[in-house]
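Novice: Supplied in structure tokens, the structure appears directly below.
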2 protein chains.
Amino acid sequence: MGKGEETRQGILDEALALASQVGVSGLSIGALADKAGMSKSGLFAHFGSKEEMQIAVLREGQQRFVDTVVRPALKSPRGIARLRAILTNWIDWTRRAKLPGGCPMNAAANEFDDQPGPVRDAVEAGLADGRRLLANAVRMAIEAGELRPDTDVDQFVFEFSGIVLVTMQGQRLFREKDASQRALDAFERLVRDYAAPSANA
Amino acid sequence: MGKGEETRQGILDEALALASQVGVSGLSIGALADKAGMSKSGLFAHFGSKEEMQIAVLREGQQRFVDTVVRPALKSPRGIARLRAILTNWIDWTRRAKLPGGCPMNAAANEFDDQPGPVRDAVEAGLADGRRLLANAVRMAIEAGELRPDTDVDQFVFEFSGIVLVTMQGQRLFREKDASQRALDAFERLVRDYAAPSANA
DNA sequence: TGATTTATAGCACGAACGTTCGTTTTTAGT
DNA sequence: ACTAAAAACGAACGTTCGTGCTATAAATCA
């Protein structure tokens, strides 16, 4: 890895941390350059435009998400156990990833959903990836015979995502201490409703 | 209503519409003054600071929410029917309220959850109000004998809120056409699990 | 080591930011 | 209609925004 890639990576690390607190649209070149200990123009040269930088930050966040949430969950056996692992990893993934704030992708989703452009596209693609990944895990649970064969996969993913979103809001805005417990309870209720009859009869 | 209050109200109307698209922190005095057809300084004088303006916008949004979601739902009879009415009103309330974008309070929740100060306090108070209101409606459903007496009210509100959040994300970011149908399905599954046994045996 | 590419810094730009101030216009009360 | 009060304006402040240029410093390679 050349020197350029190295500092670029360092910048993205700082940027992700900052974005988790102030959002992707709240990221400014000047503030980021200060954090990274370099000049505005020097930092700027790595991306060419602010928009490119924002997209790079989102990509970085996505990769960090995979490393923190998805990859470790693969150690749990396919099926409901793995879905549960994804949930528990997900709902405090920014803490695990040592980010000082909340999920940058989620914040960006709220910031850019009404502002068409490349950044919005990147956010949508990123979150769609997450849903696709979830859907695969659900399908595995069906194949494993733990969820009913006629389970509406997209509906399951939809409700699962709702649990994630409200848990994050509970943690970050309301500082609810028992948000993750509520998330688990909601999850158990969800899988109970979609469970294959043979599994827990 | 004096002239001052009148224009202030007009400003807040424009501000709410703008905030629904660019967020509360994306609101700038200059852009808002343009939309409102007046000078920066003239507009500024109505609030004294940007922070005060942001808080005023959030309050305006909250009131609009009550008028659009809560008040109409009171026409539905207490119990599950009213809860369902709240849900259906909620998940497209910005359309009903003629706002061009998404829910400003929700956007602000993601923008300010990691930035302490009066604005964050206002957001937290506003959303807490929503949850309190929901909790009351749930308690009425219990009293009406439609939900089990041992229903965990806060857990119910938690899961209900999750449905709302994921539905809004589905509508605004993913442009899912069937998001509201999924929301209703999730709601029916929720009330089925918490339903009093006598109600639908 | 010397040559060359690459990375960073410095500086300046026009625009927009929130805010202050003094003046002018408009409203409200008599 | 005249006056006192309220409201809106226009200009300017200092700062930060994103983005260009040009020069210097550092890393890469022969």
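Novice: Can you tell me which residue within the range A:42-58, out of those that are touching a residue at least 24 places away in the same chain (Cβ under 8 Å) and surrounded by 14 or more Cβ atoms within 10 Å (Cβ to Cβ), is farthest from DNA strand D (Cβ to nearest atom)?
Specialist: A:Leu58
Novice: Here is a further query. Would you pick out the residues in the range A:148-158 that are in a helix (DSSP H, G or I), farther than 28 Å from B:Glu111 by Cβ and more than 9 Å from chain B (Cβ to nearest Cβ)?
Specialist: Result: A:Val153, A:Phe156.
Novice: With (1) touching a residue at least 12 places away in the same chain (Cβ under 8 Å); (2) farther than 19 Å from A:Ser76 by Cα; (3) among the aliphatic types (A, V, I, L, M) as the list, and A:Val138 as the residue in question, which single condition is left unmet?
Specialist: The single condition A:Val138 does not satisfy is (2).
Novice: If you scan the range A:1-41, which residues turn out to be within 14 Å of chain B (Cβ to nearest Cβ) and either open to solvent by 30 Å² or more (accessible area, probe 1.4 Å) or within 12 Å of DNA strand C (Cβ to nearest atom) (or both)?
Specialist: Residues satisfying the conditions are A:Gln21, A:Val22, A:Ser25, A:Gly26, A:Ser28, A:Ala31.
Novice: I would also like to ask the following. Among the residues of the range B:125-136, are any in contact with a helix residue (DSSP H, G or I) (Cβ under 6 Å, 6 or more places away or on another chain), farther than 18 Å from B:Arg59 by Cα and among the hydrophobic types (A, V, I, L, M, F, W, C)?
Specialist: yes
Novice: Follow-up. Determine which single condition B:Arg71 fails, assuming it passes every other condition in (1) touching a residue at least 40 places away in the same chain (Cβ under 8 Å); (2) basic (Lys, Arg); (3) surrounded by fewer than 17 Cβ atoms within 10 Å (Cβ to Cβ).
Specialist: It is condition (1) that B:Arg71 fails.
Novice: Quick one: is B:Ser76 open to solvent by 20 Å² or more (accessible area, probe 1.4 Å) and near DNA strand C (Cβ under 10 Å from one of its atoms)?
Specialist: Here the answer is no, as B:Ser76 does not meet what is asked.
Novice: Given the conditions (1) touching a helix residue (DSSP H, G or I) at 6+ places or on another chain (Cβ under 7 Å); (2) open to solvent by 30 Å² or more (accessible area, probe 1.4 Å), report the number of the one that B:Asn89 does not fulfil.
Specialist: Going through the list (1) touching a helix residue (DSSP H, G or I) at 6+ places or on another chain (Cβ under 7 Å); (2) open to solvent by 30 Å² or more (accessible area, probe 1.4 Å), B:Asn89 breaks only (2).
Novice: Take the conditions part of a helix (DSSP H, G or I) and closer than 16 Å to B:Val119 by Cα and apply them to B:Ala33. Does it pass?
Specialist: No: the conditions fail for B:Ala33.
Novice: Can we say A:Val138 is open to solvent by less than 40 Å² (accessible area, probe 1.4 Å), in a helix (DSSP H, G or I), among the aliphatic types (A, V, I, L, M) and within 8 Å of chain B (Cβ to nearest Cβ)?
Specialist: no
Novice: Suppose we filter the range A:13-46 for residues that are of a type in the set (D, E, K, R) and closer than 17 Å to A:Pro104 by Cα; how many remain?
Specialist: Adding up the residues that qualify gives 2.
Novice: Any residue in the range A:87-102 that's under 17 Å from A:Lys75 (Cβ atoms) and free of Cβ contacts under 8 Å to residues at least 60 places away in the same chain: show its pairings with residues that are among the polar types (S, T, N, Q) and surrounded by fewer than 21 Cβ atoms within 10 Å (Cβ to Cβ) at Cβ separation under 8 Å, as long as the two are six or more apart or on different chains.
Specialist: Here the result reads A:Asn89/A:Thr68; A:Trp93/A:Thr68; A:Arg96/A:Thr68; A:Arg96/A:Asn89, each pair linking the range A:87-102 to a residue that is among the polar types (S, T, N, Q) and surrounded by fewer than 21 Cβ atoms within 10 Å (Cβ to Cβ).
Novice: Take the residues in the range A:159-190 that are of a type in the set (Lys, Arg) and open to solvent by 40 Å² or more (accessible area, probe 1.4 Å); name whichever of them is farthest from the other protein chains (Cβ to nearest Cβ).
Specialist: Once the filter is applied, the top-ranked residue is A:Lys177.
Novice: If you check A:Ala56, A:Ala33, A:Ala15, A:Ala19, which single one turns out to be closer than 29 Å to B:Gln21 by Cα and in contact with a Ser or Thr (Cβ under 7 Å, 6 or more places away or on another chain)?
Specialist: A:Ala33
Novice: Please tell me if B:Glu14 is within 12 Å of DNA strand D (Cβ to nearest atom) and within 16 Å of B:Arg59 (Cβ to Cβ).
Specialist: Answer is no for this residue.
Novice: On the basis of being in a helix (DSSP H, G or I) and either within 16 Å of DNA strand C (Cβ to nearest atom) or of a type in the set (Val, Ile, Thr) (or both), does A:Ala56 make the cut?
Specialist: Here the answer is yes, as A:Ala56 does meet what is asked.
The values are calculated or read from the model by the stated rules, or taken from the named source; none is laboratory data. Values in this document were obtained by computation on a predicted structure and should not be read as measured data. Neighbour counts run over all protein chains shown; Cβ positions are idealised from the backbone, glycine included. Side chains included, ligands, DNA and RNA excluded: accessible areas come from the protein's heavy atoms. Shrake-Rupley method; radii C 1.70, N 1.55, O 1.52, S 1.80 Å.
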